[in-house]
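The values are calculated or read from the model by the stated rules, or taken from the named source; none is laboratory data. Predicted, not measured: the structure shown is a model, and the values here were computed from it. With ideal geometry, Cβ positions are generated from the backbone for all residues, glycine too; neighbour counts draw on all protein chains shown.
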Amino acid sequence: MVIAGPCVLESEELALAIAERLKLLSESLRVPMVFKGSFDKANRTSVESYRGPGLEAGLAILERVKRATGLPVTTDIHEAAQAAPVAEVCDLLQVPAFLARQTDLLVAAAATGRPVNVKKGQFMAPG
């Protein structure tokens, strides 16, 4: 399985164009593909950087991608309260590496019943 897509959701049109290409790659390579796009990139180096469309608009884009392409979709969650609404749309929840030790976030993600991909930060590697 490959998880791929834009770092951040910039527009529905761009997300759909990328997802259509990923679907073609998935079919030609016979590799399962999950479309990933973030509704909020909270870890930007500048407060002025574009962070994404936000939860509601981002989930609407992901739902459209899922319906239009048939690809499963995923996004990062940053707070426990985001787990349930994201799980209503996404097939897989992702926890960013810098949040991989946040117990409440992990418990909320697991409680949705969806698969959870906990990204492993380099800082968590054994010595």
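Every condition in (1) farther than 17 Å from ASP91 by Cα; (2) under 11 Å from the mean Cα position of the chain (by Cα); (3) at pLDDT 95 or above is met by LYS41 except one, and the failing one is (3). Considering only residues in region 44-60 that are under 24 Å from PHE98 (Cβ atoms) and among the hydrophobic types (A, V, I, L, M, F, W, C), the one that is modelled with the lowest pLDDT turns out to be VAL47. The set of residues from region 44-65 being surrounded by 13 or more Cβ atoms within 10 Å (Cβ to Cβ), assigned to a loop (DSSP other than H, G, I, E, B) and not basic (Lys, Arg) comprises GLY52, PRO53. Could you list all residues from region 61-72 that are touching a residue at least 24 places away in the same chain (Cβ under 8 Å) and more than 18 Å from VAL118 (Cβ to Cβ)? Across region 61-72, the qualifying residues are ILE61, LEU62, GLU63, ARG64, VAL65, LYS66, ALA68, THR69, GLY70, LEU71. Within region 7-19, being out of contact with any Leu (no Cβ under 7 Å at 6 or more places or on another chain) and not β-branched (Val, Ile, Thr) holds for CYS7, LEU9, GLU10, SER11, GLU12, GLU13, LEU14, LEU16, ALA17. When ARG114 is tested against (1) over 20 Å from LEU9 (Cβ atoms); (2) touching a helix residue (DSSP H, G or I) at 6+ places or on another chain (Cβ under 7 Å); (3) not in a helix (DSSP H, G or I), exactly one condition is not met: (1). Of all residues in region 66-97, those being under 22 Å from GLU20 (Cβ atoms), part of a helix (DSSP H, G or I) and not hydroxyl-bearing (Ser, Thr, Tyr) number 4. Regarding region 21-36, can at least one residue be identified that is assigned to a helix (DSSP H, G or I) and at pLDDT below 95? Checked against the condition, which is being assigned to a helix (DSSP H, G or I) and at pLDDT below 95, region 21-36 yields no hits at all.
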